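The structure under discussion appears below in the form of structure tokens.
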Amino acid sequence: MTNPLQQAEDANAELLTQRRDRWYPQVHIAARAGWINDPNGLCHFGDRYHVFFQHNPAGVVWGPMHWGHVWSRDLVHWNRAPIALAPSLPEDQDGVFSGSAVVTDDGTLAVLYTGHRVATTAGHDMVEQCQMLATSTDGMTFTKHGVVIESRGRADFRDPKVWRQDQQWHMVVAMSSPQRRGQVWHYSSDDLMHWDEGHLLFEDPDPNVYMVECPDLFRLGDKWVLLYGPMTTARPHGHVGRNGHNCGYVVGDWNGTQFTPLTDFTPMDWGHNFYAPQTMLAPDGRRLLLGWMGSFAHPLACQEDGWCGQLTVPRELRLDDDLRLHSSPIAEFSQLGRPGKDLGPITVEPGQPLTLHHGSNPVEVCLGIDLAASRAEQIGLRIHDNGSGRRTWVGYDDLSERVFVDLSTVSETSGGYRSARLTRPNNDSRDAATRTADELCLRVIIDRGSVEVFADDGRIVLSSFSFPVDSERSVALDTVSGCATLTSVRTRPLAPHWNEPDRG
Ligand code: FRU
């Protein structure tokens, strides 16, 4: 019998023959073919950065979870590696779910992940989730060591995130309580094999939240950030919680056993497709993050093309004095592609859009918008525009004072308008608030099928898929109802980040 890893590779090679590339990411991590969700096991090991991810190698929908794998020496150019983990033990027979990686003192790479099993007893399906360990000496092939924290007799107990602190291993892991409240638990260990009995670290105060997926607890400056994805029964309201899955953070203090929140929950990304982020500490002390761009709630057009889901570009995090999280593309990202050009300063009149880029290859555009001089109601970029009226409209709306991604002309299913408030006042505690500035810098990374928008020094981020109609496309600067005054308009063509083509 072929082993599960080889079976997965064979199924994936078959799916690759069907892949179409009109929207396939050039500067984002995605599977060669098939479905991906959460980034897993982010780490620096053996002079390489490793990124693993939830992966169904045999299909374009969520299915039996494996860990896909890519690596890079510089976080800019990426290489594919064989699938790292497949279901193979009774406890992970229905999925190798999300988890994290750490490097031990003896130079071994250890991954902690959730084993997922659906047991059928007396005609009822019972989900069992436990935490499991696997290790690797070369970062490529793994030996499984089985269960290290038993199932708690409840369906939702998953996504261990492990770190080293004060000579101990610490883990945060998500659990749904018997009362269906979303909780984060903390465990500690001396050797990654034996863990204490665990204790409740945090419960989302919102009683509608029944689970908090992919918790991550890490230090930024002298505070600690608890990042998670609340699963809620509440209906979306206002601009918050519009996606099937949303995530955000609480900032607090952590003394090694207790977490004391200092803020309310704040959404972390305001776009259509951002979930299950994970962070890692880079060797130089930077806190890096990758998130999943995808959807459990809507079909995505890329599923027609033999692939589904991508990760965000790596981002660096920082916390400001108001305890707001800022994320910006890592500095290394500027090495990708050719040096850009600046077309500014410039004034754009309504009805006279300025084309900045032709074709489907990725590009980064940075706009410096002079808010004091502009008279426009909206200023932005028409992205993936082919002149048919379908395009992604990204920019700043001066009426609502919000930065937006408007997909309403692009997609009937996962479309709609997402936005984040740039300025005060602000009555919604879950909404973001900040200073008013006279210049707004918008940095937009445009790939074949996605946009990522960074504004207000990374305090506002929107990550969304954007699947244009299948033909020529362009990016143009445009304005609605009034002139737009720009201090700078920089464009930088981006080169594909893969070191080897997927197909010869
Ligand atoms: C989040 C999540 C995790 C789980 C994984 C399964 O997207 O549901 O909680 O471990 O995906 O693929």
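The values are calculated or read from the model by the stated rules, or taken from the named source; none is laboratory data. Note that the coordinates shown come from a computational prediction; the quantities given were computed from them, not determined experimentally. Glycine also receives a Cβ, built like all others from the backbone with ideal geometry; neighbour counts cover every protein chain displayed. These accessible areas exclude ligands, DNA and RNA; they are computed on the full protein's heavy atoms, side chains included. Shrake-Rupley method; radii C 1.70, N 1.55, O 1.52, S 1.80 Å.
Expected output is a single nm value to one decimal: the length gained when fully extending between residue 281 and residue 318, i.e. 0.36 nm times separation in residues minus the C-alpha distance. What is it?
Additional length available on full extension: 12.1 nm.
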**OP:** Sketch the reach of a paramagnetic label on residue 441 as a point 7 Å from Cα along Cα-to-Cβ, and name the residues of region 285-300 whose backbone nitrogen lies under 20 Å away.
**Re:** 286-289
**OP:** Please state the charge dipole magnitude for region 1-135, taken about the Cα centre, from unit charges on C-beta atoms (+1 on K and R, -1 on D and E), reported in debye and rounded to the nearest 20.
**Re:** 560
Original post:
How much accessible surface area, in Å² rounded to 10, belongs to the heavy atoms of residue 383 with a 1.4 Å probe?
Top reply: 0
Original post:
Per 5 Å bin from zero, what fraction in whole % of the C-alpha pairs of region 1-115 is there, up to the bin with the longest pair?
Top reply: 2, 12, 21, 24, 20, 13, 6, 2, 0, 0
Original post:
Under a point spin-label approximation (7 Å from Cα along Cα-to-Cβ), what is the residue 168-residue 500 distance to one decimal in nm?
Top reply: 4.4
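Accessible area of region 163-252 with a 1.4 Å probe: how many percent of it is carbon plus sulfur?
49
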Original post:
If R0 is 41 Å, what FRET efficiency do you get for residue 417 and residue 13 from their C-beta distance, rounded to 0.05?
Top reply: 0.55
**OP:** Any aspartates and glutamates with Cα under 12 Å of the residue 341 Cα? List them, leaving off those in the same chain fewer than 8 positions away.
**Re:** 364
**OP:** Run the quick spin-label model on residue 334 and residue 257: label points 7 Å from Cα toward the beta carbon, then report their separation in nm to one decimal.
**Re:** 4.6
Original post:
How large are Rg and Dmax for the chain when only the alpha carbon atoms are used, in Å?
Top reply: 22.3, 71
**OP:** Could you compute the FRET efficiency for residue 124 and residue 377, with r as their C-beta to C-beta distance and R0 at 45 Å, rounded to 0.05?
**Re:** 0.20
Subject >> All Cα pairs of region 300-388, percent lying beyond 18 Å >> reply: 67
Original post:
How would you classify region 124-206 from its alpha-carbon gyration tensor, with a ≥ b ≥ c the square roots of the eigenvalues: rounded for a/c under 1.5, else prolate if a/b is greater than b/c, otherwise oblate?
Top reply: oblate
**OP:** Treating only the Cβ atoms of Lys and Arg (+1) and Asp and Glu (-1) as charged, compute the dipole magnitude of region 275-430 about its Cα centre; round to the nearest 20 debye.
**Re:** 180
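Excluding the sites themselves, what is the longest stretch of the chain that contains no GluC sites (Glu not before Pro) in a DSSP loop with at most 11 other C-beta atoms within 10 Å? Walk me through the numbers on the way to the answer.
On the way: sites that count: 197, 412.
The reported range is 198-411.
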Subject >> Residue-level accessible surface for residue 140, protein heavy atoms, 1.4 Å, Å² >> reply: 40
Subject >> Estimated [θ] at 222 nm from DSSP helical runs (n ≥ 4, -39500 (n - 2.57)) normalised by residues in the chain, nearest 500 >> reply: -1000 deg cm²/dmol
Original post:
Which distance in Å, rounded to a whole number, links the C-alpha centroids of region 202-248 and region 136-187?
Top reply: 18
Original post:
Of 161, 144, 341, which has the most accessible area with a 1.4 Å probe, and how do the rest follow in descending order?
Top reply: 341, 144, 161
Subject >> Convex hull of Cα atoms in region 141-290, direction-averaged projection (nm²) >> reply: 10.4
Original post:
In what sequence, largest accessible area first, do 334, 400 appear using a 1.4 Å probe?
Top reply: 334, 400
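By the scheme Lys and Arg +1, Asp and Glu -1, what is the net charge of all other residues having a beta-carbon under 15 Å from that of residue 368?
Counting the neighbours of residue 368, the net charge comes to -3.
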Original post:
Counting Lys and Arg as +1 and Asp and Glu as -1, each charge on the Cβ, what is the dipole of the chain about the Cα centre in debye, to the nearest 20?
Top reply: 820
**OP:** Show which lysines lie in cross-link reach of residue 144 when reach means a straight Cα distance below 29 angstrom and same-chain residues fewer than eight apart are skipped.
**Re:** 161
**OP:** Working from Cα positions, state the angle (0 to 90°, nearest 10) between the long axis of helix 4-16 and the longest principal axis of the chain.
**Re:** 20
